[in-house]
1. Look at residue 108 and say whether it is closer than 22 Å to residue 209 by Cβ and surrounded by fewer than 15 Cβ atoms within 10 Å (Cβ to Cβ).
2. Identify all residues within region 32-59 that are assigned to a strand (DSSP E or B) and open to solvent by 10 Å² or more (accessible area, probe 1.4 Å); write none if there are none.
3. Under 6 Å between Cβ atoms, at least 6 apart or on separate chains: pull out the pairs that start in region 15-38 with a residue that is near ligand 1 (Cβ under 10 Å from one of its atoms) and end on any residue that is open to solvent by 70 Å² or more (accessible area, probe 1.4 Å) and of a type in the set (Ser, Thr, Tyr).
4. Which residues, counting only those in region 290-301, are surrounded by 13 or more Cβ atoms within 10 Å (Cβ to Cβ) and within 7 Å of ligand 2 (Cβ to nearest atom)?
5. Out of 334, 304, 312, which single residue is in a helix (DSSP H, G or I), more than 16 Å from ligand 1 (Cβ to nearest atom) and within 30 Å of residue 15 (Cα to Cα)?
6. Report, ordered by the first and then the second residue, all pairs with beta carbons closer than 7 Å, sequence separation of six or more or different chains, a first member in region 40-55 that is within 21 Å of residue 260 (Cα to Cα), and a second member that is in a helix (DSSP H, G or I) and more than 6 Å from ligand 1 (Cβ to nearest atom).
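The values are calculated or read from the model by the stated rules, or taken from the named source; none is laboratory data. As the structure is a computational prediction, the values presented were derived from the model and not from experiment. With ideal geometry, Cβ positions are generated from the backbone for all residues, glycine too; neighbour counts draw on all protein chains shown. These area figures cover heavy atoms from the full protein model, side chains too; ligands, DNA and RNA do not enter into them. Shrake-Rupley method; radii C 1.70, N 1.55, O 1.52, S 1.80 Å.
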Amino acid sequence: MSSDVVLSIDDLSIVYHTPRGDVRATSNVSFQVQRGETIALIGESGSGKTTLSLSLIRMLPNNAAITSGQILYTRDGQTRNVLHLSNNEIRSFRWRDCAMVFQGAQNAFNPVLRIRQQFADTAAAHGERDRAWVKQRTLELFKLVRLDPQRVYESYPHELSGGMKQRALLALGVLLDPQVVILDEPTTALDILTQRAIIDVLKEMQQRLNFSIIFISHDLALAAEMADRVATMYAGEIVELAGVNDIFYRPQHPYTLGLLKSVPKLDRGHDELISIPGDPPNLITPPSGCKFHPRCQFADARCETEAPPLAEVTPGQWAACWHSDKVGAQMRAEAAGSERTHG
Ligand code: ATP
Ligand code: SF4
């Protein structure tokens, strides 16, 4: 493992037991997170992004089972398998090593407790009992997220706006200096200017504190802005993994291409907006071969029977597709057509 890798997910598969059968929510997922980098997980609803993230902090619901793989976490030269940590170890791991800021975070604070109490309680619950240190760290972090430290420290949650609460929550996420922060749609439900401010704050925090971010989002524009690398997930698998520019300008997987074409662009009329035909598959009985084949414009007989492996197509760009060359050709043809129409 490279010395800069903080998290290595290897061959991770997760199922949910349900009365109708096992839902294969995550299948053979592998990727590594480098120190200080931001990886965005993108994909339609139900593609397995949340399941994957919850597994990293061992917060999967009771009906979930990990059927293969390991999650290796490295700090100060020591590597541990997260799946083998004891209950006590996992409690401390959750905030000191890997923190998750959930969707709808605005309501994450307890309305009847002052913010200072909630920071102190969280620290204590995860093994940090030095109150003076916690206070100093909280005030420093409030400054870093551009909140008025003393005022917010003494406030009740209802005295803060949505954007302020979101910043306070980001500060809470890094309170115990984790190396990895998982953000689940961190700016959903905020207006566009507030979103902008949160992203700026987040980037500044990351620069100062050098943590890695795993970022879950439906919003491709946000992913493009935040991420160094992007993993596209489909039906529980990573189908493409690449640097942000490669993903957005030179995708190698038809599903990534489909996601990009379904995003409105200023220079493209709504009539050119194309949603991916069909629906995500049932993960109790997923399609044979490549799981995307029923919806894929490039599918042939091989795709229906043989699952393509995630392979390095160009340096640093991985795709699971038998015909990734056709994706580039289609992009180039469409770009040339669009130039003729608009130019
Ligand atoms: P979203 O963007 O909507 O949050 P997601 O990409 O995060 O979606 P997951 O929530 O991880 O996807 O869901 C992956 C699959 O697992 C889906 O088919 C979903 O229906 C199923 N699933 C999720 N949670 C459970 C559960 N507790 N029991 C059974 N199936 C579940
Ligand atoms: Fe489409 Fe075949 Fe590639 Fe799957 S392997 S994405 S079906 S072309």
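1. When the stated conditions are applied, residue 108 does not pass them.
2. 32, 34
3. Close Cβ pairs (under 6 Å, with a partner that is open to solvent by 70 Å² or more (accessible area, probe 1.4 Å) and of a type in the set (Ser, Thr, Tyr)) amount to 15/67.
4. Hits for region 290-301 are 290, 292, 293, 296, 298, 299.
5. Residue meeting the stated conditions: 304.
6. 40/223; 40/226; 41/52; 42/220; 42/223; 42/259
Okay, residues lined up against (1) in contact with a helix residue (DSSP H, G or I) (Cβ under 8 Å, 6 or more places away or on another chain); (2) modelled with pLDDT of 85 or more; (3) surrounded by 16 or more Cβ atoms within 10 Å (Cβ to Cβ); (4) within 16 Å of residue 135 (Cα to Cα):
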site: 149; (1), (2), (3), (4): yes, yes, yes, yes
site: 154; (1), (2), (3), (4): yes, yes, no, yes
site: 157; (1), (2), (3), (4): yes, yes, yes, no
site: 165; (1), (2), (3), (4): yes, yes, yes, no
site: 168; (1), (2), (3), (4): yes, yes, yes, yes
site: 177; (1), (2), (3), (4): yes, yes, no, yes
site: 181; (1), (2), (3), (4): yes, yes, yes, no
site: 186; (1), (2), (3), (4): yes, no, yes, no
site: 194; (1), (2), (3), (4): yes, no, yes, no
